[in-house]
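Before any comments, here is the structure.
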Amino acid sequence: MTSSPLLHLPGAVAAEGRDEGVAAHYGELYGEQRALADGRGFVDLSHRGVVTVTGQDRLAWLHLLITQHVTELPPGQATEALILSANGHIEHQLLLVDDGETTWAHVEPGTQEALISYLESMKFFYRVEVADRTADFAVVHLPAGSIAETDKEHVVRETAYGRDVFLPRERLEDFASAHGPAAGLLAYEALRVEAHRPRLGLETDHRTIPHEIGLIGTAVHLQKGCYRGQETVARVHNLGKPPRRLVFLHLDGSEVLLPAHGTPVRLAADGEDGRQLGFVTTAVRHYELGPIALALVKRNVPVDAPLLAGTTPAAQEVVVAP
């Protein structure tokens, strides 16, 4: 993992774990959140993997492999897609945009090698080339409402949540100087949790299917041809319900520590020794809402039931309907 040069900015505190290599914050956690919410500043996401696909068959070929409909994806239009296992479990999450010649994706840190290995194994006779561009390009995020201008040669993925810019790595420090203030991953994650947006490896485990975390219709297109795992997607959508569902939690603000990823979730009425009904996926401190979290719980947990996240009382809001 190559550390970002922006870790040398004043106040930078390095992130740990899966987000190692970029800043967790720059000394003003809530101030950084407010800046992003107001459309100011940027977030260094240069630890994320960058993968490109070139060649005249790229969109038709990707269409066969991913959960999204991309055969007619217009240049500059952002989309999101998954790669599933044969049993419909989520293996990769791709945040995509095509510039008319190349399809660009950024993915979870450290997952690009496995993704590329799978894509290479599926090339067959298609005229496509897959490349790991992580060493050459970094992703930076401009929040929704930002009026910052980007160079025309930069590939930009624009969504309702902001713009992801694929930036040559050697331009990172120049970008920071022109588009500050910098906000860290903790601020970015707080707004992600507030928006109920799932992240691979946090809101997912080895058996997560797209229905459980609200990705049907956003990352999964229901009116397209075959892809690996489609049978599970169609069966659950048409005939049943997913075994688990994503929920949003308001956590008791009197607790000093946030529940860690994987912390058991139980019914408050059953106490700390009750049966585990799910687990915390991401917990954050939000500048307006206080401590909040996402969690994955069994589908049949009553939507109005008070919960315990470890020892922390929690009230739930529905994200995925039971």
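For Ala135, are the conditions met, namely being at pLDDT below 95 and within 16 Å of Asp44 (Cα to Cα)? Against the criterion (at pLDDT below 95 and within 16 Å of Asp44 (Cα to Cα)), Ala135 does not qualify. Each residue in the stretch 270-322 was checked for being touching a Gly at 6+ places or on another chain (Cβ under 9 Å) and on the phi > 0 side of the Ramachandran plot, and 1 of them qualify.
Within the stretch 297-305, can one find any residue that is under 29 Å from Glu28 (Cβ atoms), part of a strand (DSSP E or B) and not acidic (Asp, Glu)? Within the stretch 297-305 (the criterion being under 29 Å from Glu28 (Cβ atoms), part of a strand (DSSP E or B) and not acidic (Asp, Glu)), the answer is no, since none of the residues qualifies.
Can you spot a residue in the stretch 49-70 that is surrounded by 17 or more Cβ atoms within 10 Å (Cβ to Cβ) and without any contact (Cβ under 8 Å) to a residue 40 or more places away in the chain? Yes, because at least one residue in the stretch 49-70 is surrounded by 17 or more Cβ atoms within 10 Å (Cβ to Cβ) and without any contact (Cβ under 8 Å) to a residue 40 or more places away in the chain. Among (1) in contact with a Gly (Cβ under 6 Å, 6 or more places away or on another chain); (2) surrounded by 22 or more Cβ atoms within 10 Å (Cβ to Cβ), which single condition is Arg127 missing? Only one criterion is unmet by Arg127, namely (2). For the stretch 182-214, the set of residues classified as over 25 Å from Gly27 (Cα atoms), of a type in the set (A, V, I, L, M) and crowded, with 23+ Cβ neighbours inside 10 Å consists of Ile209, Ile213, listed by residue number. Quick check on the stretch 306-319: of everything there that is part of a strand (DSSP E or B) and under 15 Å from Leu257 (Cβ atoms), which residue is most open to solvent (accessible area, probe 1.4 Å)? Result: Pro313.
Table: residues versus (1) among the hydrophobic types (A, V, I, L, M, F, W, C); (2) under 14 Å from the mean Cα position of the chain (by Cα).
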position: His141; (1), (2): no, yes
position: Ala148; (1), (2): yes, no
position: Asp151; (1), (2): no, no
position: Asp164; (1), (2): no, yes
position: Pro168; (1), (2): no, no
position: Ala190; (1), (2): yes, yes
position: Arg197; (1), (2): no, yes
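So is Gly76 over 30 Å from Asp38 (Cα atoms), out of contact with any Phe, Trp or Tyr (no Cβ under 7 Å at 6 or more places or on another chain), surrounded by fewer than 20 Cβ atoms within 10 Å (Cβ to Cβ) and not hydroxyl-bearing (Ser, Thr, Tyr) or not? Answer is no for this residue.
Looking for something open to solvent by 20 Å² or more (accessible area, probe 1.4 Å), aliphatic (A, V, I, L, M) and at negative phi - is there at least one such residue anywhere in the stretch 17-31? Yes. Scanning the stretch 195-232 for residues that are hydrophobic (A, V, I, L, M, F, W, C), assigned to a loop (DSSP other than H, G, I, E, B) and within 25 Å of His250 (Cα to Cα) gives Ala195, Leu200, Leu202, Ile209, Leu215. Could you say whether any residue in the stretch 284-296 is under 13 Å from Ala268 (Cβ atoms) and among the hydroxyl-bearing types (Ser, Thr, Tyr)? Within the stretch 284-296 (the criterion being under 13 Å from Ala268 (Cβ atoms) and among the hydroxyl-bearing types (Ser, Thr, Tyr)), the answer is no, since none of the residues qualifies. Between Asp273, Asp252, Asp304, the distinction of being farther than 20 Å from Ile209 by Cα, in contact with a Ser or Thr (Cβ under 6 Å, 6 or more places away or on another chain) and of a type in the set (Asp, Glu) belongs to Asp252 only. Taking residues in the stretch 107-135 that are on the phi > 0 side of the Ramachandran plot, and partners anywhere that are open to solvent by 50 Å² or more (accessible area, probe 1.4 Å) and in a helix (DSSP H, G or I), the pairs with Cβ atoms closer than 9 Å and at least 6 places apart or on different chains are Gly110/Arg18. Pairs linking a residue in the stretch 1-17 that is within 15 Å of His47 (Cα to Cα) to a residue that is open to solvent by 80 Å² or more (accessible area, probe 1.4 Å) and part of a loop (DSSP other than H, G, I, E, B), with Cβ atoms under 6 Å and 6 or more positions apart or on different chains, are Met1/Glu20.
Taking the conditions (1) farther than 25 Å from Leu29 by Cβ; (2) open to solvent by less than 60 Å² (accessible area, probe 1.4 Å) in turn, Arg235 satisfies each one other than (2).
The values are calculated or read from the model by the stated rules, or taken from the named source; none is laboratory data. Source: prediction; values computed, not measured. Cβ coordinates were reconstructed from backbone atoms using ideal geometry, including for glycine residues, and neighbour counts include every protein chain displayed. Just so you know, the surface numbers come from the protein's heavy atoms only, side chains and all, with ligands and any DNA or RNA stripped out. Shrake-Rupley method; radii C 1.70, N 1.55, O 1.52, S 1.80 Å.
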